[in-house]
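Step one of this worksheet: look at the structure below.
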Amino acid sequence: MKKASKYIVPLFLFFALQTQAQEALVGLQQNPRIKASHINKINSKQKNNTQKSAVELPFIDDFAQSIGFADSSLWLDNYVFVNQTYAYSPLSIGVATFDAIDGTGNIHSNASSFAFGADTLTSKKINLDYPGNNTIYLSFYYQPGGLGDTPETKDTLLLEFLNSDTIWVKKWHVVFNATDSILTEKYFGNDTITETFNGDTITDLKKVFQQVILPIDDDKFLYNNFQFRFRNFASLSTSSSIESKASNSDHWHLDFVILDKDRNINDTIINDIAFSDPIGSLLENYESIPWSHYNRALAYEMRDSISITYRNLNNDVKNVDREFEIEDLNGASGIYPFTGESGDNIPPFTTETYTRYIDYIFPYDPNSDSALFEIRSFFDLKSNLVEEPYRWNDTTRFLQKFYNYYAYDDGTAENGYGIIGEGSERAMVAMKFNSYKDDTLRAVQIFFNSVLNDANQSNTFRLHIWKESAGEPGSIVYTLESQKPQNEDELNEFTTFVLDTALALDGTFFIGWQKNNTPDMLNVGFDVNQVNNDKLYYNFAGTWVKSKFEGTVMIRPLFGEKINISTGIDKSVFDQFVDFKIYPNPANNYIHVTFSDQLEPNNLTYTIFDIYGKVYKNENISQKTIDISNLNSGIYFIRFSNSTQNFTTKKFVVIR
């Protein structure tokens, strides 16, 4: 499977309201990872993050230690998105991305087509009580756009210092003219200094990290509670009147922030070797496959090598020992270690990709319904103690998941995909899959993006399964009518559509959707880091066409045992079911149930299961309080049943 780490995908294709039918790729109107981090922060009931003492120098963050929010030991606010997927070739794994989405994962409430204040990243109080010291410098790297949306000329990234009078002072900002490929930086002090950088056909500035270094030598900043902050100004597309397309924009990526003393204006070299790309799946075609299919698939799916990419950020030749481990997180087979041996000498400021042959297969247990392995690589730097301050970026990890679904995507949507425009009212989208085992398709999962004013939810669609014919979708073998997109909460981003008929499949098939008489797009998650558009087809004029957008539509087929999840069903169907409520939600040790129509819990059976259909409790209920103390933290579903009535299914979260 080809990776997209070196390919820039256009995030926005802006259309007039009367555009002709075509496929569209747009940004996100919400960020589920940020929403999850925000909810987890609330639910964890963290203590007030009051700073008791100032942070001492050096202040260093390359954003390689966390995903979601920035490191709370260094930063105060939770607006930027710390991630490993939006930047192009970062210095080390992880960047802080500034965009138009706030700390709750939604578009900023003040967003408009005019420039508006968006994200802020504010340092904690720092001890700069070094009066008269002229060796204190702040340096950082930034990139406009990367794999995200390119900022417009009215969008800026800026840096401010807090002086001893508690006034924020602007010290630097940058704007990007993508049309002419010009970056313009301004430094503000006694004099305003302007610097420009010009791109060309060889150097695309949205792919390049630029370094900035500036002194902190004014006594107004040399005090014990000094702070600095980065801010961005963003603007939404003027085409946001098409609600299903209104989305995130104007990405700036920040990397390797260093504030320290005993520096000078030429201190621009980082004495480090760091992983620059995350390690990936050991499967050839998929990110995940059903565990019950693995034994049949391993001859076709298991890679015979593992690759890592790292870079020497120093001006000296470096050499490291490269180590690997594969750990069975369920504990059955323990840890499988192997070495990459001593690396070649890495010249200064270069990037190296190392590929190591392995003869390894995941140990298959037919008695288990799932498996989870962590693949990791790390540097052995025991002889290079000078590099200890950056040891956190010397390890890269990947979770190899085996549950009951096939997945091409990595679980993170960078964009939204759909078919839009006049003539697309009945358009179809189909993704190609291959099952390695004769099995029963039970459900389909789809990642729906949240869009402006819940525009996705205003339309219905048909869920189709196609046979394969000459490499393309052939005849339809199954249809689930009148489905509605559902935006699952921030902890569970995929919606599961359960088939009402067991469907036996093997070999090649297609799954996808057909719009129901609307020119608007069905906004589905699109993963730009896993490239599988050779398997993605669309059809609005009677002919199947391969997608031109490099990436993966986030849709997954679920196989195996019966799955008792009823999400995504049309509301008219829900009206035929008996409703009930559960509280509290999230819960800890107990949940309480109340039924509509004063129904009493007599002769009722309840079933608690997870997103993968695994049943944890299946018991008769005699009272309205249910003990869930045996459940681990996670997402669960509960359904009641008796001989005469049908009940809706409810989702609840357990937090320990």
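The values are calculated or read from the model by the stated rules, or taken from the named source; none is laboratory data. Everything quoted here is computed from the prediction, not taken from an experiment. All Cβ positions, even for glycine, are placed from backbone atoms using ideal geometry, and neighbour counts span all protein chains on display. Side chains are part of the model used for accessible areas, which takes the heavy atoms of the whole protein and leaves out ligands, DNA and RNA. Shrake-Rupley method; radii C 1.70, N 1.55, O 1.52, S 1.80 Å.
One table, with the values for the structure above:
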{"quantity": "Net +/- balance of residues flanking residue 250 in space, Cβ distance below 14 Å, scoring K and R +1, D and E -1", "calculated": "-3"}
{"quantity": "Of all accessible heavy-atom area on segment 276-427, the percent that carbon and sulfur account for (1.4 Å)", "calculated": "46"}
{"quantity": "Potential lengthening between residue 73 and residue 267 on full extension [0.36 nm per residue; Cα-Cα distance subtracted]", "calculated": "67.3 nm"}
{"quantity": "Nitroxide proxy distance, nm - points 7 Å out along Cα→Cβ at residue 486 and residue 344", "calculated": "5.3"}
{"quantity": "Unsatisfied cross-links (Cα-Cα over 22 Å) in the set 624/650; 535/651; 581/651; 432/651", "calculated": "535/651; 432/651"}
{"quantity": "Modelled FRET efficiency - R0 41 Å, residue 115 with residue 260, Cβ distances, 0.05 increments", "calculated": "0.80"}
{"quantity": "Local electrostatic count, residue 168, Cβ distance below 13 Å [Lys/Arg +1, Asp/Glu -1]", "calculated": "+3"}
{"quantity": "Those residues of segment 396-417 whose amide nitrogen sits under 18 Å from the label point placed on residue 477, 7 Å along Cα→Cβ", "calculated": "405-407"}
{"quantity": "Label-point separation in nm, residue 506 to residue 582, each point 7 Å along Cα→Cβ", "calculated": "3.8"}
{"quantity": "Two-site FRET efficiency, residue 203 against residue 360, from Cβ-Cβ distance with R₀ of 60 Å, rounded to 0.05", "calculated": "0.90"}
{"quantity": "Full-stretch length increase - residue 336, residue 51 - with 0.36 nm per residue and alpha-carbon distance subtracted", "calculated": "98.4 nm"}
{"quantity": "Eligible aspartates and glutamates near residue 401 by straight Cα distance, threshold 15 Å, same-chain separation 8 or greater", "calculated": "284, 287, 301, 327, 328, 365, 369, 374, 409, 410"}
{"quantity": "Extension gain from residue 66 to residue 184, taking 0.36 nm per residue of separation minus the Cα-Cα distance", "calculated": "39.4 nm"}
